[in-house]
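Peer 1: Take this structure, written in structure tokens, and hold onto it; I'll ask about it next.
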Amino acid sequence: MSQFKFSVGPWNVHEGGDAFGPTVRDSISFEEKIKRFSELGFSAIQFHDDDAVPNMNELTEDEIKAEARKVKALLDKYSLKAEFVAPRLWEDDHTHDGGYTSMSQVDRDFAMWRSYRSIDIAKELDCDKIVLWLAREGTLCYESKDPVVGVNHLVDSINKMLDYDDNIKVLIEPKPNEPIDRSFCPTIGHVMGISSRTNDPSRVGGLLESAHAILAGIDPANEMAFALSFDKLWGVHLNDQNGMKYDQDKSFGSENLRQAFNQVRVLVENDFGKNGEYVGLDVKAMRTQKIEDCYRHLENSMRVVRLMEEKVKQFDYELQKKYIEERNYEALEMYVIELLLGL
Ligand code: GLO
Ligand code: MG
């Protein structure tokens, strides 16, 4: 048994297309996916605004709310909650060069329209979290945007969301690169900095994805710890990543078991979830995976979290203390390796 509740987004089960080749698996309907998610033991669903309301650009505000209510009924049918809604700004014609930090006022207005609609959808789905993965908020060409103005626009945009609704919380999901080259908000430290600049820092926190930290060359458990020390770790996207290359979204723990252990340890030790937070996954099956097995990466990731929770329970804190006192870190490190190997 896990002490955590798990969440997953419908994009975690995808058709396998990548930048160099077409899709390789058939699409699965939204309802079929969430039915299966519920059977697999997930408690909540993560949404992009247009996962909940496809073609929302063509709908009125009332029509969008009505569509969102249908999704809420589906969630209820499978006893699932909604964890968050994230405006999907990176796929739209209006936001080729970013939304909030675009140098075009028209694009920035569109980004706000989608953000307000995301808040409307979240309210219909009975959740209070808006996630901003700032996909194109940075530059491909360094000289194409003023970075100071870009950050100021980002703060202004978040303030407008906070003003639009008194209960909504904004979680920034930092990522250093991809699809842009240089992000204006690459790490959780930047998220904390931006939070402190807003009109209500108590409602602006972070969601840390393991792979995004690894892409920045920093440790995911330490990134989580940093946000935890500010009481601002309100979501995680557990996954894995082999080094600083393209974003892989591999199954949690599949590349680095010790890093996986320390992520689970920092979550367990700090009672993550005590305020209703979910352990979210953001994993993708490899392109080679056949459709019959296209949920296996989710099952594997949850299993690794649970196995690591067991390892945290077995962790000998007395021995850790002794080795720290002796400053015998070689022994401490070997102890952790043997623990993970089951020796
Ligand atoms: C991509 C991000 C992405 C977000 C999702 C929710 O690198 O991790 O999957 O988590 O769009 O905002
Ligand atoms: Mg993510």
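The values are calculated or read from the model by the stated rules, or taken from the named source; none is laboratory data. All values derive from a computational prediction rather than experimental measurement. Cβ sites come from the backbone with ideal geometry, for glycine too, and all protein chains shown count toward neighbours. Ligands, DNA and RNA are excluded from the accessible area calculation, which covers all protein heavy atoms including side chains. Shrake-Rupley method; radii C 1.70, N 1.55, O 1.52, S 1.80 Å.
Peer 1: Within 10 Å, count the other beta carbons around each residue, average over each peptide in 163-174, 181-192, and list them highest first. Can you show the working numbers first?
Peer 2: Values: 163-174: 19.2, 181-192: 20.8.
Taking the mean over residues of other Cβ atoms within 10 Å, the ranking is 181-192, 163-174.
Peer 1: Restricting to DSSP loop positions (anything but H, G, I, E, B) with no more than 16 other Cβ atoms inside 10 Å of their own Cβ, which trypsin sites (Lys or Arg not before Pro) remain in the stretch 279-316? Each step should come with its number before you reach the end.
Peer 2: Working: sites: Lys284, Arg287, Lys290, Arg296, Arg303, Arg306, Lys311, Lys313; in loops: Lys284, Arg287, Lys290.
For trypsin sites (Lys or Arg not before Pro) across the stretch 279-316 that sit outside H, G, I, E and B with at most 16 neighbouring Cβ atoms in 10 Å, the list reads Arg287, Lys290.
Peer 1: Further question on the same structure: How large, in Å, is the stretch 291-343 by the Kirkwood hydrodynamic radius built from its alpha-carbon pairs? Could you put the intermediate results ahead of the total?
Peer 2: On the way: mean 1/r = 0.0775 Å⁻¹.
Computed over Cα pairs of the stretch 291-343, the Kirkwood hydrodynamic radius comes out at 12.9 Å.
Peer 1: Tell me the label-point distance for the pair Lys77, Leu59, using the 7 Å Cα-to-Cβ offset, in nm and rounded to one decimal.
Peer 2: Going by the 7 Å Cα→Cβ label model, 1.6 nm.
Peer 1: Relative to the longest principal axis of the C-alpha atoms of the chain, give the angle of the C-alpha long axis of helix 188-197, reported between 0 and 90° and rounded to the nearest 10°.
Peer 2: Once rounded, the angle reads 50 degrees.
Peer 1: What value, in deg cm²/dmol to 500, does the helix sum -39500 (n - 2.57) over DSSP H runs of n ≥ 4 give at 222 nm once divided by the residues of the chain? Write down the numbers at each step before the final one.
Peer 2: Working: 12 runs with 151 residues, N = 343.
So the calculated ellipticity at 222 nm is -14000 deg cm²/dmol.
Peer 1: With the radius of gyration and the Kirkwood radius both derived from the Cα set of the chain, what is their ratio Rg to Rh?
Peer 2: On the way: Rg = 20.2 Å, Rh = 20.8 Å.
Looking at the chain, the ratio lands at 0.97.
Peer 1: Moving on. Could you calculate the contour length gain from Ser196 to Glu338, that is, 0.36 nm times the residue separation minus the distance between their Cα atoms, to one decimal place in nm? Don't jump to the answer; show the numbers that get you there.
Peer 2: Details: separation 142, 0.36 × 142 = 51.12 nm, distance 4.19 nm.
Stretched fully, the Ser196-Glu338 segment lengthens by 46.9 nm.
Peer 1: Please give the length that would be gained between Ala331 and Asn152 if that part of the chain were fully extended, namely 0.36 nm times their separation in residues minus their C-alpha to C-alpha distance (nm, one decimal). Write down the numbers at each step before the final one.
Peer 2: Details: separation 179, 0.36 × 179 = 64.44 nm, distance 4.81 nm.
Gain on extension, Ala331 to Asn152, equals 59.6 nm.
Peer 1: Moving on. Arg296 versus Asp231, label points 7 Å from Cα toward the beta carbon: distance in nm?
Peer 2: In this crude label model, Arg296 to Asp231 measures out at 4.5 nm.
Peer 1: Can you give me the angle between helix 317-326 and the longest principal axis of the chain, using Cα atoms only, in degrees from 0 to 90, rounded to the nearest 10?
Peer 2: Helix 317-326 sits at roughly 70 degrees to that axis.
Peer 1: Oh, and also: For Lys35, give me every one of the lysines with a C-alpha distance below 21 angstrom, ignoring sequence neighbours fewer than eight places off in its own chain.
Peer 2: Filter leaves Lys5, Lys70, Lys72, Lys77, Lys81, Lys284, Lys290.
Peer 1: Could you work out what % of the accessible surface of the stretch 232-343 is carbon and sulfur, using a 1.4 angstrom probe and leaving DNA, RNA and ligands out of the count?
Peer 2: Working: 2950 of 6050 Å².
Of all accessible area on the stretch 232-343, carbon and sulfur atoms account for 49 percent.
Peer 1: Right, another one. For the pair Thr288 and Met103, what calculated FRET efficiency results from E = 1/(1 + (r/R0)^6), where r is the Cβ-Cβ distance and R0 = 45 Å, to the nearest 0.05?
Peer 2: On the way: r = 41 Å, r/R0 = 0.90.
FRET efficiency, Met103 to Thr288: 0.65.
Peer 1: Could you give the angle, 0 to 90 degrees to the nearest 10, between helix 296-314's Cα long axis and the longest principal axis of the Cα atoms of the chain?
Peer 2: Approximately 40 degrees, to the nearest 10.
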